[in-house]
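What follows is one structure encoded as structure tokens, with my remarks underneath.
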């Protein structure tokens with residue numbers, strides 16, 4: 001991919017101006033997580049949702065569509081699904097002849113990864129029989145998907161047909177310091193490291209169930225990963241892709257040159273090109 005478009009440059013400027021201050025300040029992330037502990041957030045939307053095994057799930061498209069996509073939203077494991085995710089799921093359903101399911105899952109700091117694994121395993125069990133099951137997710141949701149595929153292998157559940165992720169968070173320990181928080185217009189090392197501890201709960205932050213970079217990928221399905229070269233997770237994603245190749249996984253990495261975190265989900269020319277690659281991947 002060549003030089004980034006004018007629209008991508010403009011969006012990056014806007015993102016930098018709205019970057020959460022808790023991402024780059026210890027005091028502010030501590031305050032943010034403390035306030036989150038006592039907040040009571042519910043998810044409301046104009047989009048349709050149903051309850052499956054006690055979980056609120058947003059649904060898009062025809063249940064009998066050719067493809068089924070389970071989309072796990074990002075948000076650093078602390079922020080609920082938002083309209084950017086929901087609109088993207090709507091587009092997936094329309095353009096890929098897909099029934100898309102986007103669950104509302106337990107988040108930090110009130111909840112931990114293992115609670116979400118339990119919930120997601122039940123939901124996944126309900127949709128396993130469907131044809132052409134694809135797992136998709138962005139950022140933390142992408143990282144969760146990679147861990148989840150390692151996890152379901154351990155508990156004996158079948159793998160999905162394909163995995164597609166955008167900028168997955170594959171190492172919540174943030175061990176490979178230093179990270180370039182200055183260049184990333186969305187995320188920061190200080191905030192991410194603290195959030196990761198809450199998400200891990202009693203697990204070590206290098207446990208594969210929260211950091212798939214340290215897990216076994218043998219037997220995992222065909223995988224497509226997108227990453228921006230200017231995002232904070234880029235070097236960890238490169239290492240994870242190398243691990244996938246080492247473990248015999250059919251994986252393809254598409255790099256957005258000079259682009260930022262989860263760039264395929266923003267309205268710009270580079271995202272349109274990314275969507276063409278997704279369509280090609282799914283349709284073979």
Report task. With a Förster radius of 41 Å, plug the Cβ-Cβ distance of residue 45 and residue 180 into 1/(1 + (r/R0)^6) and report the FRET value to the nearest 0.05. Result -> 0.75
Requested in this report: Would you calculate the separation in nanometres between label points at residue 216 and residue 27, each defined as 7 Å from the Cα along the Cα-to-beta-carbon direction?
Outcome: 4.8
Requested in this report: At q = 0.11, 0.15, 0.16 Å⁻¹, what is the base-10 log of I(q)/I(0) for the chain according to the Debye formula with one equal point scatterer per Cα and no solvent? Please give it to two decimals.
Outcome: -0.59, -1.19, -1.38
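Taking every eigenvalue of the Cα gyration tensor of the range 11-82, multiplying by 5 and rooting it, what semi-axes result, largest first, whole Å? Let's see the in-between values first.
Values: eigenvalues 195, 63, 21 Å².
Over the Cα atoms of the range 11-82, the ellipsoid semi-axes are 31, 18, 10 Å.
Compute the length gained on full extension between residue 53 and residue 197: take 0.36 nm times their separation in residues and subtract their Cα-Cα distance, giving the result in nm to one decimal.
Length gained between residue 53 and residue 197: 49.0 nm.
Using just the helices of the chain, give the 222 nm mean residue ellipticity in deg cm²/dmol: DSSP H runs with n ≥ 4 each add -39,500 (n - 2.57), and the total is spread over all residues, rounded to 500.
On the way: 8 runs with 109 residues, N = 284.
Computed mean residue ellipticity for the chain: -12500 deg cm²/dmol.
Tell me, Kirkwood radius of the range 44-155 from alpha-carbon pair distances, in Å?
On the way: mean 1/r = 0.0711 Å⁻¹.
It is 14.1 Å.
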Report summary line: One computes Rg over Rh for the range 215-281 from alpha-carbon atoms, with the Kirkwood Rh, and obtains 0.99
Query raised in the report: In whole angstrom, and with the biggest value first, how far do the Cα coordinates of the range 114-220 range along each principal axis?
Result: 44, 28, 24
Query - Inter-site label distance for residue 253 and residue 84 at 7 Å from Cα along Cβ, in nm - result: 2.3
Requested in this report: Take the chain, connect every pair of alpha-carbon atoms lying under 10 Å apart with a spring to form a Gaussian network, then pick out the residue of 99, 73, 261 with the largest mean-square fluctuation.
Outcome: 99
Query - Residue-span extension gain [residue 111 to residue 9] - 0.36 nm each, minus C-alpha spacing - result: 33.1 nm
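Since every read-out is calculated from the coordinates, none of them should be taken as a lab result. Bear in mind the structure is a predicted one, so any value in this text is a computation, not a measurement. With ideal geometry, Cβ positions are generated from the backbone for all residues, glycine too; neighbour counts draw on all protein chains shown.
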